[in-house]
Structures are given as structure tokens and as C-alpha cells.
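The values are calculated or read from the model by the stated rules, or taken from the named source; none is laboratory data. Everything quoted here is computed from the prediction, not taken from an experiment. With ideal geometry, Cβ positions are generated from the backbone for all residues, glycine too; neighbour counts draw on all protein chains shown.
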Amino acid sequence: MASKDATETVRADAAGIARAAGILRVGGLVAVPTETVYGLAARADSAEAVARIYEAKGRPSFNPLIVHVSGRREAERLATLPAATDVVMEQCWPGPLTLVCPLRADANLAPAVTAGLPTVALRCPSHPVMQALLAACDFPLAAPSANRSGFVSPTSAAHVLATLDGRIDAVLDDGKKCEAGIESTILAIRDNGDWDELRPGPVDLEGLHRFLWPRPEPRIGQGDSGIEAPGQLSSHYAPGKPVRLNAEQAEAVEFLIGFGPVEGDVTLSKDGDLTEAASRLYACLHVAAHSNRSRIAVAPVPETGIGRAINDRLRRAAA
Ligand code: TXA
Ligand code: MG
């Protein structure tokens, strides 16, 4: 399958989903909408297909991929699930929550998916297109966000093509923006029932504390063995221009992304609504990146609820 040719845009109807499944089956790369961001999917049981994800994204080989599954039964074939995952799966699957669990020795996954880690990240997405695609595939799908490594994550088919056109076989376009707009929450669940939040996301700590006991303090990206989600290490989500945070107003050369009372050239949410802000975050960063201003400024966003995830991404964009 030649990925250097133009990328095909496929409408996300039944025929398009069948076509995407066919491309994936023979080892191709297809960008797919999810409720968080667009993912770049390939069959997770094929070393060649998975290698093409790393190549198309320019992703460092030490950064493992999330495996997307149709549900608990498929997850059980890939990982041993600590008891505490039961309640998390009941409450959060399908949805924007990824679980890092011990990898089964007999899991049929390309080794590059887990980048040599003894664990695997599993997610069961709720987006109807991704659900239909998983149902049409009799293999799990590895899918990182569908952007060149280090660039802003995509929440529309146009964002995907902005950095991956000609590098992937197809993009499934449902004509909509991804609803949550920010990547899934990642939790590591330990055998003793202990858990750590490796990446903040749409399922916030308040939501988790309704069914998991509170952690003494959130240790983002920090397991007992140090930094644990390798992708959380480096500067990420970079719009290609300097980013200044907590800006109350713009300087002359700056494109201002507003929030609440801080009016900007665009706004995350005029009403100060954090859910709306998350859903608009990457679209605003894409607009700012393509503006004629040489720098980007962003209004303060409160560190509550999904605001933690927004600020996490903004700090990386500014790093
Ligand atoms: O919402 C999402 O999670 C999106 C959609 C497409 O599902 N995917 C996504 O993938 O954000 P990506 O590759 O951009 O981020 C995956 C993160 C990386 O930080 C990676 O290091 C971490 O998950 N990760 C993957 N496997 C892991 C593992 N076994 N242990 C710890 N972290 C892992
Ligand atoms: Mg990413």
C-alpha cells in the first residue's frame, strides 16, 4: 500500500467504514474520528502496519501507542486486568478513558505497540464511527493522535490533512469536530488497586473519585518508577510559535486566545465554560498557528475539572 500518494478522504457512512476496514486489514493507515481527537489507526497485530504509524508521524520509537478495543472481552485477550479495572470499565467505557494494565505474555500485538514496556494502554472509544470500525475489524487498532509528532492534535479531518496528507492512506471524515476535543484521561491501575493518573483528560479527578478512592495527590506522569507515560516527557502540541500563558491582554505581535472575560482574537469559551474550552482548544491553536501574528498568547484558564487537562496541554504547547 503506497502511503506517499495523496490521502483519500472517505465519507464516514457504512460504505466508507467498510472501505476503511479493508484498508486497515491489508496493513494500511486510516485516520479516524473519536470522541477525543482524531486517531491514526493501523492493525495492532501487524509489525509492518505499526511501523508505518511511527514512520508517518515521525514518532520516536520509545513512545508506545494506545490500543483501541471494542470492549472488555477484547481487552482481556491483551492484558491481565487488575480487580480495580472492573469499576472503571463499568463507569467509563466506552468513553474517553485509557487504562494502562499489565500486558499478557500471549497478547497478539506487534512489540512496537508497547515500545517494550510490560504494560499496554487500552481504550474503548464511544464515537459511533470508531465503534462501527472496530466492529468491522477482527483485530485491535493501535491509534495515536493523527498528527505529525510534536504538532497540535487534530479535532477535524482538515487538521489531520494539515500534517499527514500524502503520508497516510485515508482519512474517515464524519464532517464534525471531535466532541471532547482533548485526549483521553490515562490511568495506570495497579494489582493492589492503587492507581495513578498518567495524563489528565476529559474524565476529571472529581469524576474518578466518585468510584476510585482519592489519591493523596495527583502524580501526573509519575509512577513509582519515575515518569511513566513516555509521551508526557517532551514538549508536545507545539503550534510552531512561542506561546505565552496567563495573558490578560495581547502584545502587538501576539495572537490572543481568550477565555471568559479575556476577549481574544478567538476565544476558548466566552462564557468561561471549561467543557467548551476543551472542545475548542486545538482548533484555536490551529487558527493561531496559521495567523499572521508571530506569537501566541493564551488567557488564564482555571485549574479545576477538565481545566487541569487544558492547562497540561497548554504548558506543553508553551514548553
Ligand atoms: O484520546 C486519545 O487517547 C487519543 C485517541 C486517538 O484515542 N490517542 C492519543 O494517543 O492521545 P497518543 O499516542 O497521542 O498518546 C498516547 C499516550 C502517550 O503519552 C504514550 O506515552 C502513552 O499514551 N502510553 C501508551 N502506552 C503506554 C503504556 N503502556 N504505559 C504508559 N503510557 C503509555
Ligand atoms: Mg498525541
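Annotations
- Scanning the stretch 110-166 for residues that are in a helix (DSSP H, G or I) and within 18 Å of R73 (Cβ to Cβ) returns M130, Q131, A132, L133, L134, A135, A136.
- Test: residue in the stretch 76-85 that is within 15 Å of ligand 1 (Cβ to nearest atom) and under 24 Å from V171 (Cβ atoms): no
- Verdict on L40 being touching a residue at least 40 places away in the same chain (Cβ under 8 Å), assigned to a strand (DSSP E or B) and either assigned by TED's automatic domain parsing to the domain that holds P128 or within 8 Å of ligand 1 (Cβ to nearest atom) (or both): yes
- Within the stretch 45-79, the set of residues being within 23 Å of S153 (Cα to Cα) and in a helix (DSSP H, G or I) comprises A49, V50, A51, R52, I53, Y54, E55, A56, K57.
- Residue among A31, A51 that is surrounded by 23 or more Cβ atoms within 10 Å (Cβ to Cβ) and either within 14 Å of ligand 1 (Cβ to nearest atom) or in contact (Cβ under 8 Å) with a residue 60 or more places away in the chain (or both): A31
- Some residue of the stretch 9-22 being among the hydroxyl-bearing types (S, T, Y), away from ligand 2 (no atom under 15 Å from the Cβ) and outside any loop (DSSP other than H, G, I, E, B): yes
- Leading residue by the ranking (farthest from ligand 2 (Cβ to nearest atom)) among those in the stretch 163-192 that are touching a residue at least 24 places away in the same chain (Cβ under 8 Å) and touching a Phe, Trp or Tyr at 6+ places or on another chain (Cβ under 8 Å): I189
- Residue in the stretch 146-159 that is surrounded by fewer than 20 Cβ atoms within 10 Å (Cβ to Cβ), more than 16 Å from ligand 2 (Cβ to nearest atom) and of a type outside the set (F, W, Y) present: yes
- Residue list for the stretch 113-131, restricted to those being surrounded by fewer than 20 Cβ atoms within 10 Å (Cβ to Cβ) and over 18 Å from W195 (Cα atoms): A115, G116, S126, P128, Q131
- Restricting P82, P102 to those that are out of contact with any Gly (no Cβ under 8 Å at 6 or more places or on another chain) and either in a helix (DSSP H, G or I) or touching a residue at least 24 places away in the same chain (Cβ under 8 Å) (or both) reduces the list to P102.
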